[in-house]
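Participant: The following block contains the structure, expressed as structure tokens.
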Amino acid sequence: MSAPTWSVYQVHADKHAIEYLSIDEILLATDGGLYRTTDGFQTWSDADLIPNTQYYRVTTNPHIPAMVLAGAQDNGTTLGFTNESDEDHIRFFGGDGFTAIVDPEDPTLVYTSTQNGNFYFGFTDFETFADLNFLDFGIDQNDRVNWDAPIVMDPIDNSVLYTGNDPGRPVQMSIFPNPASGMVDLANAGKELRAYEIYSMAGKMVKAGNFPSTSSKLQISVADLAAGTYIAVVYDSKGEKAATGKLIVSPY
């Protein structure tokens with residue numbers, strides 16, 4: 001039995017469960033649904049019409065009342081019709097789909113959102129979709145945002161949209177590997193980093209360091225730390241706190 005070429009995208013990337021029915025027949029559960037192979041991972045078939053999509057947000061099109069737009073967990077933003085429940089939904093944008101809004105005055109203007117507060121807009125007849133435009137007017141990309149960041153249209157002025165963030169809190173950093181016993185990468189997307197501090201859970205600083213130049217990723221060694229749980233803090237080139245994260249040091 002040999003695996004297929006890794007660059008071939010035959011099943012959804014986010015996998016959650018695998019069940020062997022035999023040496024060659026395997027079921028694979030993913031964010032994209034259920035897949036089945038009968039030739040030991042060489043080819044896959046998609047089990048269709050399983051009603052288990054995880055929707056975050058559902059809204060209606062005010063100009064086409066039977067049309068619903070929905071954001072789904074790792075399956076983008078889709079549209080369908082309440083009077084055509086057996087028909088496949090049309091996926092018109094990717095990522096993790098969240099809130100979608102159709103402008104109440106312009107029937108061709110649509111807004112949609114993806115994970116971590118990324119918003120988009122575009123014009124469509126809802127049959128064909130061109131590329132949507134990134135919507136970042138007035139939004140500081142360095143602010144901390146929720147995975148499912150809100151977006152709301154002003155009920156009086158449809159040219160105004162609202163969202164929410166938390167500019168006062170440092171974002172969660174990426175720590176890899178974690179747990180770790182040797183070298184560790186500390187990263188914070190969008191920030192150039194210069195220094196770090198490691199604290200015990202009692203609040204005592206146990207390790208710190210400054211780098212001669214900034215980088216989007218700081219590589220440090222935790223081999224000198226006792227096994228346990230720590231808090232890692234990284235700082236940008238101005239000395240401002242950029243991110244915090246929980247670091248677990250393994251004895252192995």
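Participant: Considering 140, 103, 185, 157, which residue is under 22 Å from the mean Cα position of the chain (by Cα), farther than 25 Å from residue 73 by Cβ and modelled with pLDDT of 90 or more? It would help to see each step written out before you state the result.
Facilitator: Values: 140 fails: modelled with pLDDT of 90 or more; 103 fails: under 22 Å from the mean Cα position of the chain (by Cα); 157 fails: under 22 Å from the mean Cα position of the chain (by Cα).
Checking each option against the conditions leaves just 185.
Participant: Does at least one position in the range 126-134 carry a residue that is assigned to a strand (DSSP E or B) and within 30 Å of residue 101 (Cα to Cα)?
Facilitator: Here is the first cut: in the range 126-134, the residues assigned to a strand (DSSP E or B) are 133-134.
Narrowing further to those that are within 30 Å of residue 101 (Cα to Cα): 133-134.
Checking the range 126-134: at least one residue is assigned to a strand (DSSP E or B) and within 30 Å of residue 101 (Cα to Cα).
Participant: Let me ask something additional. So in the range 16-61, with the set limited to residues that are among the polar types (S, T, N, Q) and assigned to a strand (DSSP E or B), which one is farthest from residue 124 (Cα to Cα)? Let's see the steps before the verdict.
Facilitator: Going residue by residue through the range 16-61, those that are among the polar types (S, T, N, Q) are 22, 30, 37-38, 42-43, 45, 52-54, 59-61.
Checking the rest, the ones that are also assigned to a strand (DSSP E or B) come to 30, 37, 45, 59-61.
Details: 30: 30, 37: 38, 45: 32, 59: 17, 60: 15, 61: 13 Å.
Per the stated criteria, the residue is 37.
Participant: When residues of the range 135-163 are filtered for being part of a loop (DSSP other than H, G, I, E, B) and among the basic types (Lys, Arg), how many remain?
Facilitator: 0
Participant: Turning to a different aspect of this structure: Of all residues being of a type outside the set (Asp, Glu) and out of contact with any strand residue (DSSP E or B) (no Cβ under 6 Å at 6 or more places or on another chain) in the range 63-79, which is surrounded by the fewest Cβ atoms within 10 Å (Cβ to Cβ)? Just the residue, please.
Facilitator: If we filter the range 63-79 for residues that are of a type outside the set (Asp, Glu), which is where we start, we get 63-73, 75-79.
Restricting the remaining residues to those that are out of contact with any strand residue (DSSP E or B) (no Cβ under 6 Å at 6 or more places or on another chain) gives 63-65, 73, 75.
On the way: 63: 14, 64: 13, 65: 11, 73: 16, 75: 21.
Within the range 63-79, the match that is surrounded by the fewest Cβ atoms within 10 Å (Cβ to Cβ) is 65.
Participant: Inside the range 30-51, can you point out the residues that are surrounded by 14 or more Cβ atoms within 10 Å (Cβ to Cβ), in contact (Cβ under 8 Å) with a residue 24 or more places away in the chain and more than 30 Å from residue 98 (Cβ to Cβ)?
Facilitator: Hits for the range 30-51 are 40, 41.
Participant: So, residue 97, is that one more than 18 Å from residue 58 (Cβ to Cβ) and buried (at least 18 other Cβ atoms within 10 Å of the Cβ) or not? Write out each step before concluding.
Facilitator: Working: more than 18 Å from residue 58 (Cβ to Cβ): no; buried (at least 18 other Cβ atoms within 10 Å of the Cβ): yes.
No, not satisfied.
Participant: Given the criteria surrounded by fewer than 16 Cβ atoms within 10 Å (Cβ to Cβ) and polar (S, T, N, Q), does residue 54 qualify?
Facilitator: Numbers: surrounded by fewer than 16 Cβ atoms within 10 Å (Cβ to Cβ): yes; polar (S, T, N, Q): yes.
The answer is yes for residue 54.
Participant: Are any of the residues in the range 116-124 more than 29 Å from residue 236 (Cα to Cα), of a type in the set (Phe, Trp, Tyr), over 21 Å from the mean Cα position of the chain (by Cα) and surrounded by 12 or more Cβ atoms within 10 Å (Cβ to Cβ)?
Facilitator: The answer is yes; a qualifying residue exists.
The values are calculated or read from the model by the stated rules, or taken from the named source; none is laboratory data. Please read these numbers as outputs of a predicted model, since none were measured by experiment. All Cβ positions, glycine included, derive from the backbone under ideal geometry; neighbour counts span all protein chains shown.
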